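Here's the structure, in structure tokens; my notes come after.
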Amino acid sequence: MKYWLMKSEPDEFSIDDLLNAEKQTTAWQGIRNYQARNFLRDDVQLNDLVLFYHSSCKVPAIVGVAKITQAASIDITAFDIQSKYYDAKSDPNNPRWFQVDLSYVEKFAKQLTLTELKADPALAEMVLVTKGTRLSVQPVTEQEFMHIKRLAQAS
DNA sequence: GCCAACGTTGGC
DNA sequence: GCCAACGTTGGC
């Protein structure tokens, strides 16, 4: 069992969108960064838990938890010329991009803002708060995950 | 909207 | 394979 953090712009797809989605499940498509792709393709497994993070918004924050309900599969939006995720360089015979499926688990009663997370000594090593990290799919340690769950309950 | 910090591209 | 130029991310 591994733990991850995945970023989404709430204007594009928020935790509420996941909550209200059919079967409370969504295909996590459009990852176009190699490091993130490698995590998705090679390391993310069925039933792994995911911290759902809202980025590029007024209050960047971890807002809840999701679960991996399908491991990596080919992201076909890369072949769809109509898609905003279209990538002419991804060869259908040798796909470059992958996706996973996420299902809703919980929405935190209180979101944990980036400001709070940065101020917490227990999370000093967390990839999210380390300088210069822009990864939209990133690993989270079990300790970090449990600590964040406690923070979400405490408030 | 700005811009720092990264990532990617492509000429050489 | 280097690196300048360009593109993107994402907090502020």
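See the values below:
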| quantity | calculated |
| --- | --- |
| Degrees between helix A:142-154 axis and first principal axis of chain A (Cα, 0 to 90, nearest 10) | 60 |
| Residue A:56 paired with residue A:89, simple spin-label distance in nm, labels 7 Å along Cα-to-beta-carbon | 2.0 |
| Segment residue A:38-residue A:96, length gained on full extension (0.36 nm per residue, minus Cα span) | 19.9 nm |
| Net charge contributed by nearby residues that have their C-beta within less than 11 Å of residue A:52 (K/R +1, D/E -1) | 0 |
| Whole-Å distance, taken between Cα centres, linking the range A:2-44 and the range A:47-119 | 1 |
| Ranked order, A:32, A:150 - accessible area, probe 1.4 Å, largest first | A:150, A:32 |
| Structure-based [θ]222 nm, chain A - -39500 (n - 2.57) summed over DSSP H runs of at least 4, per residue, nearest 500 | -5000 deg cm²/dmol |
| Theoretical FRET efficiency, 1/(1+(r/R0)^6), r = Cβ-Cβ of residue A:130 and residue A:71, R0 22 Å, to 0.05 | 0.25 |
| In Å², nearest 10: area of residue A:115 left accessible to a 1.4 Å probe | 110 |
| Efficiency of FRET from Cβ geometry, residue A:122 and residue A:21, R₀ 41 Å, rounded to 0.05 | 0.80 |
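The values are calculated or read from the model by the stated rules, or taken from the named source; none is laboratory data. Fair warning: this is a prediction, and the values are worked out from it, not measured in the lab. Cβ: placed from backbone, ideal geometry, glycine included. Neighbour counts: every protein chain shown. Only protein heavy atoms, including side chains, enter the accessible area calculation; ligands, DNA and RNA are left aside. Shrake-Rupley method; radii C 1.70, N 1.55, O 1.52, S 1.80 Å.
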